[in-house]
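K.L.:
Mind looking over this structure? Questions follow.
The values are calculated or read from the model by the stated rules, or taken from the named source; none is laboratory data. All values reported here derive from a predicted model rather than from experimental measurement. Here the Cβ is made from the backbone with ideal geometry for all residues, glycine too, and neighbour counts use every protein chain on show.
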Amino acid sequence: MIDKINETKIEIIIITVIDPMGEVEGEVIPNDGSRQSDKPTKIKFNDQPPVSVGDKVLVRIINEENLDTNETTKIGKYIRKISSTPEKIIGILKSGFDGEKLVPTEKKNRAYYKVEKNTINALDGELVEAQICKDGKNRISRSVKIIRKLGNSEQVQLASSIAIQEHGIPDHFSDQIYKDALQRAKLVIENPTDLTHLPFISIDPSNARDHDDAIYVLNDPDNQGGFIIWVAIADVAKYVLQGSELDAEALKRGNSTYFPDLVIPMLPDVLSGNICSLKAGQVRAAIALKIWINKVGKKTRHSFFRCTIKNEMACSYEEVQGALDDLETCKRNTTLKKLLEPIHAAYQLLARQTQSRGPLELELIEQEILFDKAGAIKTIKSKERLEAHRIVEEFMIVANICAAETIQKHKLPFLYRIHEPPTFEKLLNLRTSAKSLDVNLSNDAKLTGHDLNKLLEKAKQTNCEELISLTILRAMSQAYYSPENRGHFGLNLRYYTHFTSPIRRYSDVLVHRALIHIHNWDQDLIQTDESELFKIGDQISKTERRSMLAERDTKDRYLAYFLKDRIDSEFSARINGFSKSCIFVRLDETGANGLIPLSFLSNDRYRLNNEKNRLIARSSKLTFNVGAEVLVKLKEANPISGGLIFTLIEYKNKAIPVSKKFTRRKKNLKRKNLG
């Protein structure tokens, strides 16, 4: 049962996170004004206050207690903003007859800035960084001075370049880091256990360079119907020395960032794409996990080994799926099928155990952006969720569980992967959203993943499964890393960690070091203490969210670029939300998100009903519902910001008249473009 305690406190906090779903978090600023704390007090918001990362905000803090677990979450109620974020901005320089202007790349910032100074001679169309000027009263103005060139707006990978600059993602390694990585790559492998005789296979995307993991499964001769599962993970800790400059750089980055057209790796390519990567036919250092499961898929025991392996095959998901489906077009079919038979059989047993555990089963459709050789967008398609994906996911989850069990058994501090249950208010919002789609959610105070899965099953009958999945995702708390365990709600596990992707996640490197310490594989390794782990967990949780935002913004920009030549084209879409000024829609064809300003609708006034999650016209009583199918026409596509603006053509198969304000807007836009 969840209850609210009335105890409140007024504090100044700094906004640290705004995640892709709009979830806002901040940290209390200590009385001395600093942010240096081993364990900062974190504040969550159930609404979406008008803030940006870095803003200092005055809030009223309410302690929300879960009476079942006796855990307290601090919820912030926005009062007012005290100071704003850094006074710098990224944009495209535009020259016109009335001088130079800066067009911001940020989607929410639709205003132009007048360029007062351009002493570095940036040219029309260049991507630049600018300093926002202040007026005589030290107030922010709408003028800027250009301080740095970032590239040309026509360049390939522009969307990724903008995101890198906007989110401050480190994209270059220093000469010293490269030198250190090259030196470490020459290291002679001397791991104690030789497993090169085992025919491991790796299964990854077809364009992958960083192969973190490989698997091999055989029938257990001592346990009829059971299997022995081997999961080998790249031994990154062997090459990234604790406390080295390379280690510090990996921590600063926190993780690799994956854009549709390029990867910003956590480690230099000589490590991430070469000596650490479990390439086919190459002897590589690894930490291998041997797992025994019985005939019903229950794990009976496991052991870790620091070893060398030789990956027999590097396969794509599609190739593995082809072998599973017995397609004649699948290359190496005979050998691959022979290796896959026990892998698939063991997976089916594990999957039954997983189903009985009852994790959350969200099936979200991802969009894949494909490029031609020149770097132009060739097509956008929905990613198919294959059984091959589920096989790898199942093995990696059980490997992560084994790592968490082993370290916890030895009572060492380490980083758990935490996913907390939804807050009280988010549960209320989820129930409201579900009800607006004619799907009811259990009224139990203690909600489980099983309850949400039943909701998804009901949604399948209403053709709103994807929308319900997105609604559930918005209600979820953001996962993070911490040495203080709070369980994993989504997977329905008491404890969980990340062990299987050390090439691209720093958290996994730390887990590897903990396992190395436990097994005494390296005498020089020093165990990281808990106070330091709090700081590291906070850092890599932030870098993970930074990458998520950058990846989302980049996809939005490429989608806008893909659609910019289809102005005035009509699209089928669904309503996926409202604000006081617009209707949010998601296109069926590409999955692109955009908005319909209410000012574009017929000359009426609209009232937002948050309780029933609908928008109602005051005069005509026309009611818009979340999940409703609509026909929209594209009016603006801005590849620089990623913004898409539509007009509404049809709702419930009825034509919707356009307002007079929209007609005036079109004329104003033409005047702006002439300028």
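K.L.:
Tell me whether segment 604-619 contains one or more residues that are without any contact (Cβ under 8 Å) to a residue 40 or more places away in the chain, in contact with a strand residue (DSSP E or B) (Cβ under 7 Å, 6 or more places away or on another chain) and under 30 Å from residue 379 (Cβ atoms).
P.N.:
no
K.L.:
Follow-up question, since we're still on this one. Restricted to segment 644-672, and to residues that are surrounded by 14 or more Cβ atoms within 10 Å (Cβ to Cβ) and more than 23 Å from residue 109 (Cβ to Cβ), which residue is modelled with the lowest pLDDT?
P.N.:
659
K.L.:
Please go through segment 618-642 and give me each residue that is touching a helix residue (DSSP H, G or I) at 6+ places or on another chain (Cβ under 9 Å) and either closer than 19 Å to residue 604 by Cβ or not charged (D, E, K, R) (or both), ordered by number.
P.N.:
Start the filter on segment 618-642 by keeping residues that are touching a helix residue (DSSP H, G or I) at 6+ places or on another chain (Cβ under 9 Å), which leaves 625-627, 634-642.
Listed by number, the residues that qualify are 625, 626, 627, 634, 637, 638, 639, 640, 641, 642.
K.L.:
Could you tell me whether any residue of segment 434-447 is part of a helix (DSSP H, G or I), under 19 Å from residue 479 (Cβ atoms) and in contact (Cβ under 8 Å) with a residue 24 or more places away in the chain? Please lay out each step first, then the result.
P.N.:
Filtering segment 434-447 down to residues part of a helix (DSSP H, G or I) leaves 434-436.
Imposing the further condition that a residue be under 19 Å from residue 479 (Cβ atoms) reduces the set to none.
Taking every residue of segment 434-447 in turn, none turns out to be part of a helix (DSSP H, G or I), under 19 Å from residue 479 (Cβ atoms) and in contact (Cβ under 8 Å) with a residue 24 or more places away in the chain.
K.L.:
While we're on this one: Can you list residue pairs whose Cβ atoms sit under 9 Å apart, with the first residue in segment 489-512 being on the phi > 0 side of the Ramachandran plot and the second being in a loop (DSSP other than H, G, I, E, B) and of a type in the set (A, V, I, L, M)? Count only pairs 6 or more apart in sequence or on different chains.
P.N.:
As it stands, the answer is 492/360, since those pairs meet every condition given.
K.L.:
Considering only segment 81-106, how many residues are under 29 Å from the mean Cα position of the chain (by Cα) and either modelled with pLDDT under 80 or exposed (fewer than 14 other Cβ atoms within 10 Å of the Cβ) (or both)? Walk me through it before giving the result.
P.N.:
To start, the set of residues in segment 81-106 that are under 29 Å from the mean Cα position of the chain (by Cα) comprises 81, 83-92, 103-106.
Of the ones still in play, those that are also either modelled with pLDDT under 80 or exposed (fewer than 14 other Cβ atoms within 10 Å of the Cβ) (or both) are 81, 83-88.
Of the residues in that region, 7 qualify.
K.L.:
Please tell me if residue 585 is outside any loop (DSSP other than H, G, I, E, B) and in contact (Cβ under 8 Å) with a residue 60 or more places away in the chain. Write out each step before concluding.
P.N.:
Numbers: outside any loop (DSSP other than H, G, I, E, B): yes; in contact (Cβ under 8 Å) with a residue 60 or more places away in the chain: yes.
So residue 585 fits the description; yes.
K.L.:
When residues of segment 203-214 are filtered for being crowded, with 22+ Cβ neighbours inside 10 Å and not in a loop (DSSP other than H, G, I, E, B), how many remain?
P.N.:
Qualifying residue count for the region: 3.
K.L.:
Can you tell which of 594, 537 is within 30 Å of residue 408 (Cα to Cα), at pLDDT 90 or above and crowded, with 21+ Cβ neighbours inside 10 Å? Break it down into steps so the answer makes sense when it comes.
P.N.:
Details: 594 fails: within 30 Å of residue 408 (Cα to Cα).
Testing whether each residue is within 30 Å of residue 408 (Cα to Cα), at pLDDT 90 or above and crowded, with 21+ Cβ neighbours inside 10 Å leaves just 537.
K.L.:
Looking at 427, 386, can you tell me which residue is closer than 27 Å to residue 297 by Cα and not basic (Lys, Arg)? Outline the logic, then answer.
P.N.:
Working: 427 fails: closer than 27 Å to residue 297 by Cα.
It is 386.
K.L.:
Moving to a separate point now. In segment 225-265, which residues are closer than 30 Å to residue 199 by Cα and among the β-branched types (Val, Ile, Thr)? Can you show your working first?
P.N.:
Of all residues in segment 225-265, those closer than 30 Å to residue 199 by Cα come to 225-241, 255-256, 258, 263, 265.
Listed by number, the residues that qualify are 228, 229, 231, 233, 236, 240, 263.
K.L.:
Here's a follow-up. Out of (1) outside any helix (DSSP H, G or I); (2) modelled with pLDDT of 95 or more, what's the single condition that is false for residue 544?
P.N.:
Exception for residue 544: condition (1).
K.L.:
List the residue pairs whose Cβ atoms are under 8 Å apart, where the first residue sits in segment 270-282 and is without any contact (Cβ under 8 Å) to a residue 60 or more places away in the chain, the second is not in a helix (DSSP H, G or I), and the two are 6 or more positions apart or on different chains.
P.N.:
These pairs meet every condition: 281/310; 281/311; 281/312; 282/310; 282/311.
Conditions tested, residue by residue: (1) at pLDDT 95 or above; (2) small (Gly, Ala, Ser); (3) not assigned by TED's automatic domain parsing to the domain that holds residue 335.
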| residue | (1), (2), (3) |
| --- | --- |
| 151 | no, yes, yes |
| 161 | no, yes, yes |
| 164 | no, no, yes |
| 168 | no, yes, yes |
| 181 | yes, yes, no |
| 191 | no, no, no |
| 196 | yes, no, no |
| 201 | yes, no, no |
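K.L.:
Hey, can you tell me all the residues within segment 216-226 that are on the phi < 0 side of the Ramachandran plot and surrounded by fewer than 23 Cβ atoms within 10 Å (Cβ to Cβ)? If you could, list the steps in order and put the result at the bottom.
P.N.:
Let us first name the residues in segment 216-226 that are on the phi < 0 side of the Ramachandran plot, namely 216-224, 226.
Within segment 216-226, 216, 218, 219, 220, 221, 222, 223, 224, 226 qualify.
K.L.:
Please find, among 563, 515, the residue that is assigned to a helix (DSSP H, G or I), under 19 Å from residue 231 (Cα atoms) and not basic (Lys, Arg). Give the steps one after another, and end with the answer.
P.N.:
Working: 563 fails: under 19 Å from residue 231 (Cα atoms).
Exactly one of 563, 515 is assigned to a helix (DSSP H, G or I), under 19 Å from residue 231 (Cα atoms) and not basic (Lys, Arg), namely 515.
K.L.:
For segment 481-501, how many residues are farther than 18 Å from residue 359 by Cα and under 17 Å from the mean Cα position of the chain (by Cα)?
P.N.:
2
K.L.:
Right, another one. What single numbered condition from (1) acidic (Asp, Glu); (2) surrounded by 24 or more Cβ atoms within 10 Å (Cβ to Cβ); (3) under 25 Å from residue 164 (Cα atoms) fails to hold for residue 249?
P.N.:
Unmet for residue 249, out of (1) acidic (Asp, Glu); (2) surrounded by 24 or more Cβ atoms within 10 Å (Cβ to Cβ); (3) under 25 Å from residue 164 (Cα atoms): (2).
K.L.:
Continuing with the same structure: Which members of segment 455-468 meet the condition of being in a helix (DSSP H, G or I) and either under 23 Å from the mean Cα position of the chain (by Cα) or surrounded by 14 or more Cβ atoms within 10 Å (Cβ to Cβ) (or both)? Steps first, answer last, please.
P.N.:
We begin by selecting, within segment 455-468, every residue in a helix (DSSP H, G or I); these are 455-460, 465-468.
Correct list: 455, 456, 458, 459, 465, 466, 467, 468.
K.L.:
Taking residue 394 as the residue in question, decide whether it is surrounded by fewer than 23 Cβ atoms within 10 Å (Cβ to Cβ) and either in contact with a Leu (Cβ under 7 Å, 6 or more places away or on another chain) or within 23 Å of residue 614 (Cα to Cα) (or both). Can you show your working first?
P.N.:
Numbers: surrounded by fewer than 23 Cβ atoms within 10 Å (Cβ to Cβ): yes; either in contact with a Leu (Cβ under 7 Å, 6 or more places away or on another chain) or within 23 Å of residue 614 (Cα to Cα) (or both): yes.
Yes, satisfied.
A quick yes/no check of all residues on (1) over 25 Å from residue 336 (Cβ atoms); (2) part of a strand (DSSP E or B):
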{"residue": "261", "(1), (2)": "yes, no"}
{"residue": "267", "(1), (2)": "yes, no"}
{"residue": "286", "(1), (2)": "no, yes"}
{"residue": "302", "(1), (2)": "yes, yes"}
{"residue": "307", "(1), (2)": "no, yes"}
{"residue": "315", "(1), (2)": "no, yes"}
{"residue": "319", "(1), (2)": "no, no"}
